[in-house]
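Reviewing the structure listed below.
Taken together, the values in this text are just the output of simple stated rules run on the coordinates, not laboratory data. Keep in mind it's a predicted model, so treat the numbers as computed, not measured. Methodologically, a virtual Cβ is constructed for each residue, glycine included, from the backbone with ideal geometry; neighbour enumeration extends over all protein chains shown.
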Amino acid sequence: MKGMFYKDLISITKIYRSMFLIILVFLTASFITKGNLFWASYAAFIGCTMVATMQNMDETSKWCRLCDALPITRSDLVKEKFLLNTMINLGIIGVYLVMCLIAMVFRRAPEPGDILVTLVTMWIAGMVSSSFTLTAAFLFGPQKSQLMRVVMIVVFVMVCMSLINYVPGFMEFLKNANTIIIIPLALALPVVIQLISILISSAGFEKRVL
Amino acid sequence: MNAIEVTGVTKTYPEFTLDKVSLTLPSGMILGLIGENGAGKTTLIKSILGMVPIDGGTVSVLGYTSPHQNKQIMEDIGVVMDESGMPPFLNIVQIGTMMKDIFQNWDSETFNGLVKQLKIPENTKFAELSKGNQMKTGIVCALSHHPKLLILDEATSGLDPVIRDEVLDLLLDFTREEDHSILVSSHIVSDLEKICDYIVFLHEGKVLLSEEKDLLKEAYGIMHCTREQLEQLDSSAVIGKRINAYGAEVVVRKDAVPAGTELSPVDLEELFVRMVKEG
């Protein structure tokens, strides 16, 4: 798996330089808009769709087919991509935290409660969205999953915008919710969804002819 | 022990069927799979490696079935496919680093030596390499983890004659170890003629001929004759013929022509082409 990580990290740094810049812009935008949840969670969302795009590229370039002739199982390929996705999500959350710390120095950071809600939302956005996009990539291949991802992005943007901007009291609900129950649940649920996605992806990818 | 045993393998696609193909590659030998484009060479190789599920028959590679589900077996097999499939954004040095973490037996010294020997550019991304250099990268990777069996699908197709010759030498070097075997498919028959011990002709998903190369060359010959002499020949002796204004050039089975008939040696390409054209 180490070799595959190496390959993906090199590829990501070569393909997605501009995407990382966009993520940084979105994270900055969440500060400028005084902790607007949408920008930060969208940054996590697009960060994690990168891995699904990489999987599609691996299939198009016949790398996945070559892996069938290497000591790598299809299940290894699935696990590596999901793990990479989690690392990227944690990386983006880490960058947001660093930005918060810098903002604190200049006394411009959001309230700690707002930061916590943002972090949890980023975790959910990254993990849940990638569970769907990666599973689609493994089950249906590059073309169909590409289309599904575009649909998901539209749905994500519409749902988030509606919840944040048009549902009265939604943000208040998040901030005032019982954090002892909600936060662990919000952290654990995406992990469960992701584990189920790994199982479904492994089973489906194993059966596909590349 | 046989490196590969294929018995009655069948694989059906909507427009193509690999039809009860059988072949055996004894350990320490090189088997050449000859066939025109679309004859089923890649499908057969994928079936052997377990990369596509077969509809019937049995496959055994180094004593195991479905090798791609067994990591340990894949350590012992080096594979080069027609499109090598290396990560497009990595250069050859990075590909070497990646492979070191994939194969337990990876030999960086052998890898670096072959990269230099075959003059593969070290700082160019794989996607930007020429077709020939991409193929060379695949071959170098396949040889650098000390496999016991090499499976090459059209691996020499994109290479110029000089490099092809170098690659063929590498393959011959590889089989100096007595337990090293090669299955190589190509439509460049002259390459296979140089290195193979066994030859299999594949045409429209069926095995036309499977024989030891030397026996094959002994069993067939070319007869230069007139049209009248051609008509007198036993039809079972004629594998194929080319008729022109000056007479006929006939590929014949030596044991079916009258003793003392003057025959010139036939090359595999001529034999294959005649067999395919005559059906």
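Please compute the volume of the convex hull spanned by the alpha-carbon atoms of the range B:219-278 and report it per residue in Å³.
About 80 Å³ per residue, rounded to a whole number.
Taking a ≥ b ≥ c as the square roots of the eigenvalues of the Cα gyration tensor of the range B:173-216, is the shape rounded (a/c under 1.5), prolate (a/b larger than b/c) or oblate? It is prolate, given that a/c is not under 1.5 and a/b is the larger ratio. In degrees from 0 to 90, rounded to the nearest 10, what is the angle of the helix A:179-207 Cα long axis to the longest principal axis of chain A? Between the helix axis and the principal axis of chain A, the angle is about 20 degrees.
For chain B, the longest principal axis of the C-alpha atoms and the axis of helix B:131-143 are separated by about 70°. Determine the distance separating the Cα centre of the range A:96-165 from the Cα centre of the range B:30-62; give it in Å without decimals. Their Cα centres are 46 Å away from one another. Counting only Cβ charges, +1 for Lys and Arg and -1 for Asp and Glu, the dipole size of the range A:1-126 around its Cα centre is about 240 debye. Remark: B:His145, B:His187 ranked as B:His187, B:His145, counting other beta-carbon atoms within 10 Å and listing the fewest first.
Computed from phi, the 3J(HN,Hα) profile of the range B:207-216 under the Karplus parametrisation 6.51, -1.76, 1.60 (θ = phi - 60°) reads 7, 7, 7, 9, 7, 5, 4, 5, 5, 4 Hz, with x in place of Gly and Pro. Compared with the dominant principal axis of the Cα atoms in chain B, helix B:108-117 is inclined by about 50°.
Between the residues A:Thr73, B:Leu230, B:Ile4, the greatest Cα displacement towards the positive end of the dipole of the protein assembly as shown, with unit charges on the Cβ of Lys, Arg, Asp and Glu, is found for A:Thr73. Computed 3J(HN,Hα) for the range B:28-38, one whole-Hz value per residue from the Karplus formula 6.51 cos²θ - 1.76 cosθ + 1.60 where θ = phi - 60°, is x, 10, 10, 10, x, 9, 10, x, 6, 4, x, glycine and proline marked x. Taking 16 Å as the cut-off, the amide N atoms of the range A:46-86 that come nearer than this to a point 7 Å along the Cα-to-beta-carbon line of A:Leu9 belong to A:80-86.
Inter-chain neighbour count for A:3-13: the average number of beta-carbon atoms from partner chains within 10 Å of each residue's beta-carbon is 5.
Taking every DSSP beta bridge that has both ends in the protein assembly as shown, the antiparallel portion is near 65%.
Distance between the pseudo-spin-label points of B:Ser22 and B:Arg253 (7 Å out from Cα toward the beta carbon): 1.8 nm. Net charge dipole, the protein assembly as shown: roughly 2600 debye, given to the nearest 20, about the Cα centre with Cβ charges of +1 for Lys and Arg and -1 for Asp and Glu. Semi-axes of the equivalent ellipsoid for the range B:2-204, computed as √(5λ) from the eigenvalues of its C-alpha gyration tensor and ordered from largest down, come to 27, 18, 17 Å. Counted over chain B, the DSSP beta bridges are approximately 65% antiparallel. Restricting attention to the range A:67-210, lysine pairs at least eight places apart or on different chains and with alpha-carbon atoms under 22 angstrom apart total 5. With a 10 Å cut-off around each Cβ of B:88-101, the average count of Cβ atoms from other chains is 4.
Placing +1 on each Lys and Arg Cβ and -1 on each Asp and Glu Cβ, with no other charges, gives the range B:81-204 a dipole about its Cα centre of roughly 440 debye. Taking a quarter of the surface of the Cα convex hull of the range A:110-163 gives a mean projected area of 4.0 nm². If the limit is 23 Å between Cα atoms, which of A:Lys62/B:Lys131; B:Lys41/B:Lys136; B:Lys71/B:Lys119; B:Lys11/B:Lys194; B:Lys46/B:Lys206 go over it? Over 23 Å Cα-Cα: B:Lys71/B:Lys119; B:Lys11/B:Lys194.
Only counting other Cβ atoms within 10 Å, I'd like B:Asp255, B:Asp55 sorted with the fewest neighbours first. Spell out each step's value before the answer.
Numbers: B:Asp255 10, B:Asp55 13.
Neighbour counts put them in this order, fewest first: B:Asp255, B:Asp55.
Taking the Kirkwood radius as Rh and the Cα radius of gyration as Rg, chain A has a ratio of Rg/Rh equal to 1.00. Over the C-alpha trace of the protein assembly as shown, radius of gyration and Dmax come out as 29.5, 105 angstrom. Annotation: the residues A:Tyr42, B:Tyr246, sorted from fewest to most other C-beta atoms within 10 Å of their own C-beta, follow the order B:Tyr246, A:Tyr42.
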